[in-house]
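Novice: First the structure, then my questions, so here it is.
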Amino acid sequence: MEIDVQGAKTVKNKITNAVLIFILPPSLRELRSRLLARKTEDETSLNIRLRNALLELKEIKRYDYVVVNDHFETTVEEILQIINKEKIK
């Protein structure tokens, strides 16, 4: 599932053995660049998303894993490794 931090909190409360992975951009500057490149948001929406991203970072301690999304293929591989590791448990 791809959910925000509020949804993750709800899932963890209902499914205590759920494994949460926080996917983090390499930096806030890179996040801004990626959002600008998508051309899906106006300046106001962009600023709201960036402000929300900062607030969501405060919830990172609630997650079981943190993955930095620096290179797509590497990120996918790391997430798959986490999933496989958790299946073995």
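Any read-out appearing in this document is the output of simple, stated calculations on the displayed coordinates, not a laboratory observation. Fair warning: this is a prediction, and the values are worked out from it, not measured in the lab. Neighbour counts run over all protein chains shown; Cβ positions are idealised from the backbone, glycine included.
Novice: Suppose we filter segment 11-51 for residues that are under 15 Å from the mean Cα position of the chain (by Cα) and among the acidic types (Asp, Glu); how many remain?
Specialist: Residues flagged as under 15 Å from the mean Cα position of the chain (by Cα) and among the acidic types (Asp, Glu) within segment 11-51 amount to 1.
Novice: Identify, please: which residue in segment 1-31 is charged (D, E, K, R) and closer than 19 Å to residue 75 by Cα and is, among those, surrounded by the most Cβ atoms within 10 Å (Cβ to Cβ)?
Specialist: Residue satisfying both the conditions and the ranking: 30.
Novice: Tell me yes or no: at least one residue of segment 75-82 is free of Cβ contacts under 8 Å to residues at least 12 places away in the same chain, surrounded by 15 or more Cβ atoms within 10 Å (Cβ to Cβ) and either touching a strand residue (DSSP E or B) at 6+ places or on another chain (Cβ under 9 Å) or among the polar types (S, T, N, Q) (or both).
Specialist: yes
Novice: Let me ask something else. Would you check which residues across segment 25-44 are closer than 17 Å to residue 67 by Cβ and touching a helix residue (DSSP H, G or I) at 6+ places or on another chain (Cβ under 8 Å) and list them?
Specialist: The answer is 25, 28, 31.
Novice: Then there's this: Select from segment 45-84 the residues that are in contact with a helix residue (DSSP H, G or I) (Cβ under 7 Å, 6 or more places away or on another chain), under 13 Å from residue 23 (Cβ atoms) and in a helix (DSSP H, G or I) and list them in ascending order.
Specialist: Once the filter is applied, which keeps residues that are in contact with a helix residue (DSSP H, G or I) (Cβ under 7 Å, 6 or more places away or on another chain), under 13 Å from residue 23 (Cβ atoms) and in a helix (DSSP H, G or I), segment 45-84 yields 53, 56.
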